[in-house]
Amino acid sequence: MTLRFDNRVAIVTGAGGGLGRAHALALAARGAKVVVNDFGGALDGTGGAATPAQKVVAEIEAAGGEAIANAASVTDFAAVEAMVAEVQARWGRIDILVNNAGILRDKTFAKMEIADFRAVIEVHLMGAVHCCKAVWEIMRQQNYGRIVLTSSSSGLFGNFGQSNYAAAKMGLVGLMNALGLEGAKYNVHVNCLAPTAATRMTDTLFPPDVLEAMKPEAVSPAVLAMVHEDAPNRAIINAGAGGFERTYVAMTQGIYVPLGPDTADQVVARFDELSNRDNDVLPQNAGGQGGVELAKAGLKSGTRKS
Ligand code: NAI
């Protein structure tokens, strides 16, 4: 199958280098018109320059594609709105939004300043919120939209020294879960990417064969899969070094312990049993948990006492 994105307009944030650049090039190579957004700063989010985005636009144009550069910071909602307005004026639609922009301020929580926590949340979580909000009405109106939020194994599974980043990255999973529900009837699908790639963001101490396997280009096929017409909705896809996996947020069947004097003691004593993963459930929305719990109590969801 050859995935094509002709006549589709895509915005990729943080596309001046690393993974975002690879996503932008991959989309453009398959026919999409691409907005290469990047504020062009340092890894910790300081500084800024339009050059990285312009260079990627030049690469796309040299390969025969169509692209424009944009140097807005995703933390600036007005600038993001202006970018979206410019794209609308130029190409008349926005089909794809890949939220990829990110920074790092790694420190153990004991040493982390609140400002470093906030800065990371601002770029990863609020930056994605700004971009989603700016395109949301357009996608709803055109009855088509594909959004990718870039999560991380650091958030999904935890990473020492990255409390700010992990919180932001798991926040994006929550954003996906809600937006995917709200967008479904307008054919707006929202998915999460959890990449692994060798970029300036990751350790540069990898041996050459690992560096080659972990090139950002190996992740971009997962993005293409999440932004084409038959894309899933509300999936977390992991990708790196040629591996593609899926992460689920699952709930165990657990135990039923009606409230009594020793309920807490039983929860402690039966912790292994409530943790047992046989017949895990994947609730389709927040009500799924209550449904499982009420069923164990012999009640149906929505059952009322008369
Ligand atoms: P990178 O540092 O090469 O790329 C991030 C890009 O975002 C940079 O070009 C930077 O200028 C841009 N950016 C930062 N703040 C911005 C802002 N406020 N507005 C607009 N652009 C901004 O890093 P990499 O590795 O390519 O990361 C891309 C995304 O993938 C990030 O969200 C990162 O958290 C995520 N990720 C990367 C992993 C990896 O193994 N490289 C692992 C898990 C997640």
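A few notes on this one:
- Seen against the Cα atoms of the chain and their longest principal axis, helix 127-142 is set at about 80 degrees.
- Between helix 287-296 and the chain: long-axis angle, C-alpha atoms, 0 to 90°, nearest 10: 20 degrees
- Per residue solvent-accessible surface (Å²) - the stretch 1-138, probe of 1.4 Å: 43 Å²
- Once C-alpha pairs closer than 8 Å and six or more residues apart are averaged by separation and normalised to the residue number of the chain, the relative contact order reads 14 percent.
- The portion of the accessible surface of the chain made up by carbon and sulfur, rounded to a whole percent, is 55 (1.4 Å probe; DNA, RNA and ligands excluded).
- Three-way shape label, the stretch 9-247, alpha-carbon gyration tensor, a/c 1.5: rounded
- Cα-Cα over 30 Å, subset of LYS107/LYS215; LYS55/LYS133; LYS133/LYS296; LYS55/LYS185; LYS111/LYS169; LYS169/LYS300: LYS133/LYS296; LYS55/LYS185; LYS169/LYS300
- Between helix 163-183 and the chain: long-axis angle, C-alpha atoms, 0 to 90°, nearest 10: 90 degrees
- From the alpha carbon centroid of the stretch 245-273 to that of the stretch 66-136 is 39 Å.
- Cα shape, the stretch 263-304, gyration tensor, a/c 1.5 rule: oblate
- Available extension along the chain between LYS296 and ALA250 is 14.8 nm, counting 0.36 nm per residue and deducting the alpha carbon span.
- Centroid-to-centroid separation of the stretch 176-219 and the stretch 1-30 [C-alpha atoms, Å]: 13 Å
- Residues whose amide H comes within less than 5 Å of that of ASN238, counting only those at least five positions distant or on another chain, are ALA194, GLU245, ARG246, THR247 (H built at 1.01 Å from N in the peptide plane).
- Percent antiparallel among DSSP beta bridges (both partners in the chain, rounded to 5): 20 percent
- For GLU273 and LEU181, the FRET efficiency from 1/(1 + (r/R0)^6), where r spans their Cβ atoms and R0 equals 45 Å, is about 0.90.
- Segments 81-89, 292-300 sorted - mean Cβ within 10 Å per residue, highest first: 81-89, 292-300
- Model label zone, ARG30; criterion: amide N under 16 Å from point 7 Å along Cα-to-beta-carbon; scope the stretch 209-231: 217-231
- Relative contact order computed over the stretch 71-126 (Cα-Cα under 8 Å; 6+ residues apart), in percent: 37 percent
- The chain - charge dipole about Cα centre, Lys and Arg +1 at Cβ, Asp and Glu -1, debye rounded to 20: 680 debye
- Estimated distance in nm for a label pair at ASN143 and GLU217, the labels positioned 7 Å out from Cα along Cα-to-Cβ: 3.9 nm
The values are calculated or read from the model by the stated rules, or taken from the named source; none is laboratory data. Everything quoted here is computed from the prediction, not taken from an experiment. Cβ coordinates were reconstructed from backbone atoms using ideal geometry, including for glycine residues, and neighbour counts include every protein chain displayed. In case anyone asks, the SASA skips ligands and DNA or RNA and just uses the protein heavy atoms, side chains included. Shrake-Rupley method; radii C 1.70, N 1.55, O 1.52, S 1.80 Å.
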